[in-house]
Amino acid sequence: MNSSPSVEGKIVAITGASSGIGEATARHLAKKGALVVLGARRTDRLEKLVSELRAQGARAEFRSLDVTQRKSVAEFVRFGVERHGRLDVLVNNAGLMPLSPLAALQVDEWDRMIDVNIKGVLYGIAAALPVFERQGHGHIINTSSIAAYRSLPTAAVYCATKTAVNFITEGLRQESSSIRTTIISPGVTESELAHTVTHAATAEWLAKYRETAIPADAIARAVAFAIEQPDSVDVNEIVVRPTAAQ
């Protein structure tokens, strides 16, 4: 196990890597010398991204991934381990944010958020944890949100899913003395999350709210900071907001 404070040489699997924070994290870590294994449903985007990274001399691979399917997540992690003999970091980044008032009764969207934002993280942990325990080391990084810290109108279900991510991550930290865990909680960040909002009034409000959005690379740098600490140091939680945020 490499105990030097560096991203270089790490095998890092990233879910939700076809756009936004996942894509930015893949680019940033690959540039710093990590071998990135990328997963998402939109494999056309992953294929393009991997081609770009390889053309730049980086090491990158991809595999189709649906985080709502436990088998798909298990196969994604197995893919990385079988090809490289180990996995150092899993970034559970896939997420949805179809905001709406509870009274709109967007129950299908609630179910989808729970499946992706909570169960997707749990499936990632279930797949990676045995690998990390066998290795005696590993790092699980879960993308949360500032929405985990207080509920907001139209965001009750989304806030609940991200609060769950925080508590799941903290529980894992307390249960393991050899596996590092990190919660990354972005504020308003450039991504495609807003495109999942189908409630018209909420979408209009959100467009105004997102005017101060920071680039996804800001979150990627936070991920790299957590990874590059010495093995004896675990950065448990990072909140990254726009300077103009309330």
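The values are calculated or read from the model by the stated rules, or taken from the named source; none is laboratory data. Bear in mind that the values here come from a model prediction, so they are computed numbers and not experimental data. No Cβ is skipped: glycine too gets one built from the backbone with ideal geometry, and neighbour counts run over all protein chains shown.
Examine the range 50-70 for a residue that is surrounded by fewer than 20 Cβ atoms within 10 Å (Cβ to Cβ), among the aliphatic types (A, V, I, L, M) and not in a helix (DSSP H, G or I), and state whether such a residue exists.
Scanning the range 50-70, I find at least one residue that is surrounded by fewer than 20 Cβ atoms within 10 Å (Cβ to Cβ), among the aliphatic types (A, V, I, L, M) and not in a helix (DSSP H, G or I), so the answer is yes.
Return the residues of the range 105-117 that are among the hydrophobic types (A, V, I, L, M, F, W, C) and either surrounded by 18 or more Cβ atoms within 10 Å (Cβ to Cβ) or modelled with pLDDT under 95 (or both); say none if nothing qualifies.
Matches in the range 105-117: 110, 113, 116.
With the range 94-196 as the region, which helices (runs of 4 or more DSSP H) entirely inside it contain at least 2 residues that are over 25 Å from residue 69 (Cβ atoms)?
156-175
For residues in the range 128-144 being without any contact (Cβ under 8 Å) to a residue 60 or more places away in the chain and under 15 Å from the mean Cα position of the chain (by Cα), which is farthest from residue 189 (Cα to Cα)?
Per the stated criteria, the residue is 140.
So for the range 197-206 (the condition being among the β-branched types (Val, Ile, Thr), more than 16 Å from residue 91 (Cα to Cα), at pLDDT below 75 and buried (at least 18 other Cβ atoms within 10 Å of the Cβ)), does at least one residue qualify?
The answer is yes; a qualifying residue exists.
With the structure loaded, tell me whether residue 37 is without any contact (Cβ under 8 Å) to a residue 60 or more places away in the chain, surrounded by fewer than 20 Cβ atoms within 10 Å (Cβ to Cβ) and among the β-branched types (Val, Ile, Thr) or whether it fails that test.
No.
For the range 79-116, how many residues meet the condition of being of a type in the set (S, T, N, Q) and touching a Gly at 6+ places or on another chain (Cβ under 7 Å)?
2
Checking residue 121 against (1) crowded, with 18+ Cβ neighbours inside 10 Å; (2) farther than 24 Å from residue 19 by Cα, which single condition isn't satisfied?
Failing condition for residue 121: (2).
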